[in-house]
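Below is one structure; the comments refer to it alone.
The values are calculated or read from the model by the stated rules, or taken from the named source; none is laboratory data. Since this is a predicted model, take the numbers as computed values, not measurements. Reconstructed Cβ throughout: ideal geometry from the backbone, glycine too, with neighbour counts over all protein chains shown. Ligands, DNA and RNA are stripped out before the accessible areas are found, and what is left, the full protein with its side chains, is counted by its heavy atoms. Shrake-Rupley method; radii C 1.70, N 1.55, O 1.52, S 1.80 Å.
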Amino acid sequence: MNRRQIRKARNGVFLALSVAATLVGLACLAAILWTLVSNGIAGLSSRVFTEMTPPPGSEGGLLNALYGSAVMTLLGICMGSPIGMLAGTYLAEYGRTSRLSTVIRFINDILLSAPSIIIGLFIYEILVVRMGHFSAIAGAVALAVIAIPVSLRTTEDMLNLVPSGMKDASAALGAYPWRTVVSVVYPAARSGIVTGLLLAIARISGETAPLLFTALNDQFWSTKLTAPMANLPVVIFQFALSPYKDWQQLAWAGALIITVTILVLSVSARIILSLMQTSGGSKS
Amino acid sequence: MAIIDSRHAARQLIYERVFRSATLAAAILVLLILGGVALSLLRGAWPALSHFGFGFVTREIWNPVTDEYGALAPIYGTVVTSLIAMLLAVPTGFGIALFLTELCPPVLKRSIGTAVELLAAVPSIIFGIWGLFVLAPLLQRHVQPWLIDHIGPIPMIGKLFQGPPFGIGVLTAGVVLAVMVLPFIAATMRDVFDTVPPMLKESGYGLGATTWEVIWHVVVPHSRVGMLGGIMLGLGRALGETMAVTFVIGNAHRISTSLLAPGTTISSSIANEFTEAVGDLYTSSLIALGLLLFLITFAVIAIAQAMLRRLERRALSPL
């Protein structure tokens, strides 16, 4: 083989490896979705949505866990998102390139990838130990702490996309910065902010580790925020590792519900974002 | 004409101050959270750290009955599972990123990119349950016997692949972690490759280089810092990942030479034992593990962010 052929052969080998790597990645996604759907569908029945988590050996559903997850996710978002949005507003509109903003951005990116189990321990230390027992509210606070960096990051990115001409026009009319932000920047970045909200919900609704030490679990229907509360991820964890077939079946059904919810949220966030980009492009 | 109402203006100024302070307070809260995490972990870990001293990180023993705890086995498990994950995920992620930026037909680019990103959105507990019920039996039946038969007898590295095929264990945990961090590494590398100026690549092609030569001699050197940043970011995830590992690691507090044996990691020890821990020293030791994990991941993620930031600045300045 001459040099040229060797080079061509090497090119072919590495490009084939690259294609193979992509196929492996896609195969993993397909395998996970396939297992989830095939095992989850079998466990899905109307019972899942109407009955409580059963004791081992008997039939039941996931109603209390679904309720608990919804409540804690909602509370977490209601606490975490506004804080993240305000902080993102500060970085995008007030702080910009100041030293404080640079530090906050750096710390926020670290929080964004910090292990969630650490956040769980943190909330355990400051809330559960003080209150003396596990509680739904502690779980919600843990989820809020996880939602803050997600929300901050997307808010800042989205506000930065608003053309500065619009802000200048508002300022030229004599508006204070807060008025510009509330009446011009927020409406212009509305779909971006909704995207951020969806992504934050997607991020926290599957979190398990932080709930283990905060909300824990409850086998029965409970609406008390100061008591432990059942939630889908922890129920899946507990049921999947149990030796009981019924419980494992329910764990699969729960896993399917969570994954579908999260994928729907992520995909809609993407769709909103791409709609925004195309409409933004035609406007300018 | 417009009359400037001084009361109105004063009120506007107050609103402005309130709004600005509120945003500033929220921003500073982010700093406080990180500080709070560090302080509360330190406080919770203090009884264990003062009781065991430096020996906490160098001893393998973990015995709730005699109340003696050492973190060596979880540290070892965390490091080894993350290493396995990186060994598998980095080349694969590199391949995917290359495919997406250099080879993929534009029609597919977006949908494959989205598919990889969706893999990143799947919560870790799903990877755990998949690892336990699908991957572990698969490895136990088809991969581990092969490793034991063919690599086990080789001196030195053979030691890593001896013993019975349990299915669950350090190796399986590493593989599940690899699948988990793969999308992060692939997505970051893709973004980094996208920042390579087309002119540089076209110069390479103009000189008659093959696609691979352009990639290896132009794209990779240009993206070195960003690639390392992406790898470190994936490593940070792998080190701190909890649920996916807890399902498949086997939770055994000992260090085995064989990768097929069950082990434990920092995060899975905490997840498995925290709610059952009785006694202050036990709980405190688990929080001390959390503190160790916090310090390790903080360092890794900080380095990753610093690298990616350097790249961002360079991308903004012309060449």
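Quick notes on this one:
- Residue in the range A:133-145 that is among the aliphatic types (A, V, I, L, M), open to solvent by 20 Å² or more (accessible area, probe 1.4 Å), within 28 Å of A:Thr226 (Cα to Cα) and touching a residue at least 24 places away in the same chain (Cβ under 8 Å) present: yes
- Boolean, B:Gly250 is touching a Pro at 6+ places or on another chain (Cβ under 7 Å), open to solvent by 30 Å² or more (accessible area, probe 1.4 Å) and under 30 Å from B:Pro64 (Cβ atoms): yes
- When the range B:234-262 is filtered for residues that are farther than 12 Å from B:Gly131 by Cα and in a helix (DSSP H, G or I), the ones remaining, listed by number, are B:Gly234, B:Leu235, B:Gly236, B:Arg237, B:Ala238, B:Leu239, B:Gly240.
- Here A:Phe106 does not fit the description of being over 19 Å from the mean Cα position of the chain (by Cα), in a loop (DSSP other than H, G, I, E, B) and of a type outside the set (Lys, Arg).
- Among (1) crowded, with 24+ Cβ neighbours inside 10 Å; (2) under 18 Å from A:Arg47 (Cα atoms), the one test that A:Ala215 misses: (2)
- Subset of the range B:77-123 [of a type in the set (Gly, Ala, Ser) and either surrounded by 24 or more Cβ atoms within 10 Å (Cβ to Cβ) or within 7 Å of chain A (Cβ to nearest Cβ) (or both)]: B:Gly77, B:Ser82, B:Ala85, B:Ala89, B:Gly93, B:Gly95, B:Ala97, B:Ala115, B:Ala121
- Those helices (runs of 4 or more DSSP H) of the range A:208-284 in which at least 1 residues are charged (D, E, K, R), considering only elements entirely within it, cover A:245-283.
- Sole residue being of a type in the set (Phe, Trp, Tyr), within 8 Å of chain B (Cβ to nearest Cβ) and assigned to a helix (DSSP H, G or I), chosen from A:Tyr94, A:Tyr67: A:Tyr94
- Selection from the range B:244-261 of residues that are within 14 Å of chain A (Cβ to nearest Cβ) and in contact (Cβ under 8 Å) with a residue 24 or more places away in the chain: B:Ala244, B:Val245, B:Thr246, B:Phe247, B:Val248, B:Ile249, B:Gly250
- Note on the range A:34-52: residues that are part of a helix (DSSP H, G or I) and open to solvent by less than 60 Å² (accessible area, probe 1.4 Å) total 7.
- Cβ pairs under 9 Å, 6+ apart, first in the range B:50-70 and farther than 13 Å from B:Asp280 by Cβ, second of a type in the set (Val, Ile, Thr) and open to solvent by less than 70 Å² (accessible area, probe 1.4 Å): B:Val57/B:Ile75; B:Glu60/B:Ile255; B:Trp62/B:Thr264; B:Glu68/B:Ile61; B:Gly70/B:Val57; B:Gly70/B:Ile61
- Flag for B:Leu295 being modelled with pLDDT under 85 and surrounded by fewer than 20 Cβ atoms within 10 Å (Cβ to Cβ): no
- Only residues that are more than 7 Å from every other protein chain (Cβ to nearest Cβ) and open to solvent by less than 60 Å² (accessible area, probe 1.4 Å) were counted in the range A:1-15, giving 2.
- A:Thr89, sole failed condition from (1) assigned to a helix (DSSP H, G or I); (2) more than 11 Å from every other protein chain (Cβ to nearest Cβ); (3) among the hydroxyl-bearing types (Ser, Thr, Tyr): (2)
- Taking the conditions (1) within 11 Å of chain A (Cβ to nearest Cβ); (2) among the hydroxyl-bearing types (Ser, Thr, Tyr); (3) open to solvent by less than 20 Å² (accessible area, probe 1.4 Å) in turn, B:Thr283 satisfies each one other than (3).
Every residue, every condition in (1) out of contact with any helix residue (DSSP H, G or I) (no Cβ under 7 Å at 6 or more places or on another chain); (2) within 27 Å of A:Phe239 (Cβ to Cβ); (3) among the charged types (D, E, K, R); (4) at pLDDT 90 or above, yes or no:
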residue	(1), (2), (3), (4)
B:Val175	no, yes, no, yes
B:Ala186	no, no, no, yes
B:Met199	yes, no, no, yes
B:Gly206	yes, no, no, yes
B:Trp216	yes, no, no, yes
B:Val220	yes, no, no, yes
B:Ala238	no, yes, no, yes
B:Ala252	yes, yes, no, no
B:Ser256	yes, no, no, no
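- Restricting the range B:131-146 to residues that are open to solvent by 20 Å² or more (accessible area, probe 1.4 Å) and touching a helix residue (DSSP H, G or I) at 6+ places or on another chain (Cβ under 8 Å), the residue that is nearest to the other protein chains (Cβ to nearest Cβ) is B:Val134.
- The residue that is surrounded by the most Cβ atoms within 10 Å (Cβ to Cβ), counting only those in the range A:69-108 that are more than 20 Å from B:Gly35 (Cα to Cα) and in contact with a Pro (Cβ under 8 Å, 6 or more places away or on another chain), is A:Ser69.
- Residue count, the range A:29-40 (criterion: touching a helix residue (DSSP H, G or I) at 6+ places or on another chain (Cβ under 8 Å) and either under 16 Å from B:Phe94 (Cβ atoms) or more than 9 Å from chain B (Cβ to nearest Cβ) (or both)): 2
- Total residues in the range B:209-232, condition in contact (Cβ under 8 Å) with a residue 60 or more places away in the chain and either outside any helix (DSSP H, G or I) or within 19 Å of B:Ile75 (Cα to Cα) (or both): 1
- Flag if A:Val185 is more than 25 Å from the chain's Cα centre (by Cα) and open to solvent by less than 10 Å² (accessible area, probe 1.4 Å): no
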